[in-house]
Amino acid sequence: MSNGSRDRSLWLSRHILPFEHSMRVWLASKARGGLEVDDIIQQMYVILASLDSVEEIRNPRGYALQTAYSVIQAHHRRSKIVSFTQINDAEGFGAVSDAPSPEREAAAREELQMVRDIIRDLPERHQQVFVMRRILGLSHKEIADRLQISENTIEKLLTVAMQLITEAFKRGGSFRARTSMKRAKRDLFRLMPK
C-alpha cells in the first residue's frame, strides 16, 4: 500500500467512518430510486477514495453526505435515459403494427371516394356493365343475359369504361367534373372501339 493510499484510508477512517451509521439512517429516510443503502455507501467511499486530494475538504461529514446524495441523483438521471439501440427485429419488440396509420387510412378513404365518384360518373350502361363485371364478378354471358345485349357489346362497354376510368385517374378525379356533359359524351364516342 502506497503512502497516498494509506493516508486516504486513514482520512476516511477518522472523518467518515465514525459517521457512517448516521449517514445510513439519513439515507434510509430518503427516496433512493431502487438503490440499496449499502450500494450508495460503497459508491460514496469509491468516490472519496479516488479524489486527488482531501486537504481542501473542511466539513468531511457534509461532503460525504453530499457525495452520497449525488450518487442517488446520478442514478435517477441514468434511469430516465432512454436508450436508442438499433432494432433489427422490430416485430420481436411489438413495435410493428399491421394496422395502417391514421394518415394512410384517410388517404385510402379519399381514394375510395374518388373511385366511387368516377364509377358513379360513368354513362349509365357503362357503369352497369363495369359494376356487374368488376365488382360483382359476373361473367360476360351473365351480364349479357341480364341486360339483353350481346357479349361483344359487353366487351366494348367494359373497354370504354376502363379507358374513361383511366383518363379520370390521370386527371385526378371525375371526368365529368373536369368536362361538360357534352364533351364527356364526345370523348366517350371517340374512345369507343369501331
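Taken together, the values in this text are just the output of simple stated rules run on the coordinates, not laboratory data. Every value quoted in this text rests on a predicted model; they were computed, and no experiment measured them.
Couple of notes before you dig in:
- Under 5 Å, built H, 5+ apart or other chain: amide partners of residue 33: none
- Dimensions (Å) - the range 3-80, Cα atoms, principal axes, largest first: 39, 24, 19
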